[in-house]
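Take a look at the structure set out below.
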Amino acid sequence: MKLKAISALCIALTTLSTVAQTHKKLPYLNPALSIERRVEDLLKRMTLGEKIAQLNLRPYYVSQDSSVRAAIRAGRIGALLKANGVALNLSLQREAIESSRLGIPLIFHEDVIHGYRTITPIPLAESCSWDRVLVGQSAALAAREAASAGIQLTYAPMVDISNDPRWGRIMETSGEDAFLCSQMAIARVKGFQGESGYTNETIMACVKHFAGYGALLAGRDYLGADFSLRDLQERYLPPFQAAIDAGAGSVMCSYLAYNGEPVTMSRFMNTDILRGQMGFTGLLMTDWCTLTHAVSMGAVADGRQSALRGMLSGMEMDMSSSQYITYLEELVREKKVSEKLIDKAVANALRVKFELGLFDDPYKYFDLAREQRTLLSAESRQIARQMAISSMVLLKNNARTLPLAKERSIALVGPFASAKGHLMGSWTMMGRAEEVESVSEGFQAIKKDVLVADCPISSIGEDQIKAILDVVSVSDVAVVCLGEDANLIGEAVSTAKIEIPAAQIKLLKAVRAKAKRVVVVLFNGRPLVLDQILANCDALLEAWYPGTMGGSAVAQLIMGESVPSGKLTQTFPRHSGQIPLAYNFRRTFSRVNHADLNHGPQFPFGYGLSYTDFEYGDPTVSADSLPIGQGVHVRIKIRNAGGYKAREVVQLYIRDEVATIIPREKELKAFEIIELEPGQEKEVLFDLDSESFAMFDSRIKRVIEPGIFKIMVGTNSADVKSVDFKYY
Ligand code: BGC
């Protein structure tokens, strides 16, 4: 009955008004015409003010509802962010379609970063699956939910690269490697946008933050960065290029500067590089208020100059700062900005709406019944659980502590044993804490009874420790769920310390003294210094912030219903003083470690254990040497020598032995996920094209230099077997 009423309401609301019916006859509303023809027709009918409004991306706040509606009716807003839900967005869209002069539909943007209502693991965690298919499915699920709630564009994927775990936004990255990050970007763009045209279940991707945001100093958000053209080309641009080649419809600029100039107004970045070099044809937008931030940064005197420089640089859509809507009309009248330039930007903004089909059916994303049945569906929860299982990384497993035998009694303790909201991490969108499966519920879901004792995250009282020890002392094994407060990760949250709070370490030590076996499960969003934890546990599972279905994912892995296969995508330091740390630094004549810490990382890039053992044979190449330009095949046999059917991420790295530009220690160039039964052996074939051996020369031109390359294949970046190959 309720559903019927809702459907009737939708039909009524989707009936176009008389104004809109009149518009229907116009060429820009004729779906039979090409998008270019329709854009051209519409542009001719728009006043300058209406055009500039299409570049005005404004946040929606309930408290400003009536002024937003008035601005929509007056044709002063082109896009909204932070408005979601069918009921609200449908009503806002009606204002645009029925009451604005030209009936140009609005587009609704949102930060759908790792799920909308069903929250999937944080992006850094998802990248640890290395699983392009699953990551694509996870993005598709986020798109389906967001689209059902009236969203058409997401500010994702974030493809920044960082070597600094202090940076709170490292949780939003796909790790430190440009190749892996590119693969994740492709999977996510295709997942969000679909691969065969937009439907009402897909949304447009906005790849961000263009470019070099991850280079920021000391991990302190917004502080600024200084990096070279080489860094830009080698590390920061490739994931953007991958996303663009995969069809990403829009790009967002970074908060920072390149070469001292805020990217939001850098013609070099926004036009020469993005359009010229990279061939991007979609819509470019600012990040939140970057046009006004440029004033605070001292790059321009005021908003008027900011709008001028932004526009002249090729920046098209203004998020939240209102500088374009305030100053552009005047700047055109004064002939400082040509209307032709405005038209070019507006055409891109309109094209997005045409491509999404909003002119043909501005209400296609608004169906209350669909929204209700899509959010948190059983299918979404299943994908989210699988994603969480595949994201978790087994870091230690002494004496095969894990998986736990079924008959063992378990004490499940610590601040994250029954936590819910914290399991979602940052950027939790419409995720609801009460809908998250806690670890204790996860054990119940797989029918395993556990004794549970909780405590707070950062100040744990003596009586709470005592209660925990009481359950620990009557159990065979203690599973201690520790982690970081989710409020200490994400945008604008950087930490100087990258450790688990002292109170939790104290708790762990107390448990260690009482328990027969200790398994630690970690919930966090950045690489952490783990020495104290490693010294006080038999096994350690990095669960990250696993999202809505994290609880059962943890339980399944601990009880051996699933086998861990995640591999780190960010190096774990032993001490924060080692930052920045990465597996792929350039070679040097002598790697001097710190005098007081004479070691490399705690865990290298690509590291992760399994319950089984994989034996790697020696890699072979299809030819020892080849003329430059030809591709080479690399083969390696891998055997599952243990007792569990399991997946392995087989990683291939290349090192250029001699190059005119100092080569990196090694660089990831390919990877494959295989699944092997116990005793099974498989040959993995890597088909490397010559581009895998290319580098940027001293003039930043892409070249392949002749010489020897070491091709390394292994289970992580530090444990590899190699073969030499020569280009002549
Ligand atoms: C962030 C972006 C985000 C935007 C909109 C900014 O502060 O840097 O990543 O998409 O806000 O919420």
Exercise. Which order results if Val649, Val592 are arranged by neighbouring Cβ count within 10 Å, fewest first?
Worked result: Val592, Val649
Seminar exercise, completed: For the stretch 637-708, shape from the Cα gyration tensor axes a ≥ b ≥ c, cut at a/c of 1.5 then a/b versus b/c, turns out prolate
For this session: Assuming R0 = 25 Å, can you tell me the calculated FRET efficiency for the pair Val592 and Lys721, based on Cβ-Cβ distance, to the nearest 0.05?
Result: 0.35
For this session: Rounded to the nearest 500, what is the 222 nm mean residue ellipticity of the chain from helices alone, with -39500 (n - 2.57) per DSSP H run of 4+ residues and division by all residues?
Result: -9000 deg cm²/dmol
Problem set entry | For a label point 7 Å along the Cα-to-beta-carbon line of Leu685, residues of the stretch 620-642 with backbone N under 16 Å | 620-623, 631-638
For this session: Kindly give the semi-axes, whole Å and largest first, of the ellipsoid equivalent to the stretch 438-492, taking each as the square root of 5 times a Cα gyration tensor eigenvalue.
Result: 24, 18, 8
Exercise. Among Ser162, Ser138, what is the fewest-to-most ranking by other Cβ atoms within 10 Å?
Worked result: Ser162, Ser138
For this session: Using all C-alpha to C-alpha distances in the stretch 328-484, build P(r) with 5 Å bins and read off the rounded percent in each one.
Result: 2, 7, 10, 13, 12, 11, 8, 6, 5, 6, 6, 5, 4, 3, 2, 1, 0
Problem set entry | Hull-based mean projected area of the stretch 355-414, where the convex hull spans the alpha carbons, in square nanometres | 8.6
Exercise. What are the semi-axes of the equivalent ellipsoid for the chain, taken as the square roots of 5 times the Cα gyration tensor eigenvalues, largest first, in whole Å?
Worked result: 44, 32, 24
Problem set entry | Coordinate range along principal axes, alpha carbons of the stretch 149-257, Å, largest first | 42, 27, 21
For this session: Just check the stretch 593-641 against the gyration tensor rule for me: Cα atoms, a ≥ b ≥ c as the square roots of the eigenvalues, rounded for a/c under 1.5, and otherwise prolate or oblate depending on whether a/b exceeds b/c.
Result: oblate
Problem set entry | Expected-Rg normalisation [2.2 N^0.38 Å, Cα atoms] applied to the stretch 500-600 | 1.28
Exercise. Counting Lys and Arg as +1 and Asp and Glu as -1, what is the net charge of the other residues whose Cβ lies under 10 Å from the Cβ of Tyr727?
Worked result: -1
Exercise. Given a Förster distance of 45 angstrom, what is the FRET efficiency for Leu626 paired with Lys514, based on the Cβ-Cβ distance and rounded to 0.05?
Worked result: 0.15
Problem set entry | the stretch 16-159 - share of DSSP beta bridges that are antiparallel (%, nearest 5) | 10
Exercise. What does the highest-first list of 404-414, 653-663 look like by mean Cβ count within 10 Å?
Worked result: 404-414, 653-663
Exercise. What's log10 of I(q)/I(0) for the stretch 579-721 at q = 0.10, 0.19 Å⁻¹, Debye sum over Cα points only, no solvent?
Worked result: -0.41, -1.15
Exercise. What is the spin-label model distance, in nm, from Ser63 to Asp697 if the labels are put 7 Å beyond Cα along the C-beta direction?
Worked result: 6.0
Problem set entry | Residues Ile107, Ile465, sorted so that the one with the fewest Cβ neighbours within 10 Å comes first | Ile465, Ile107
Problem set entry | Potential extension, Leu26-Val474 segment - 0.36 nm per residue separation minus Cα distance | 153.6 nm
Exercise. Where in the stretch 552-574 does the label zone of Asp531 land, with the point 7 angstrom along Cα→C-beta and an amide N cut-off under 19 Å?
Worked result: 571-574
For this session: Could you grab the relative contact order for the stretch 308-354? Cα pairs under 8 Å, six or more apart, rounded to a whole percent.
Result: 47
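Read-outs throughout are calculated quantities, based only on the coordinates presented, and are distinct from any laboratory measurement. Computed from a predicted structure; not experimentally measured. Neighbour counts are summed over all protein chains in view; Cβ atoms, including those assigned to glycine, are modelled from backbone coordinates with ideal geometry.
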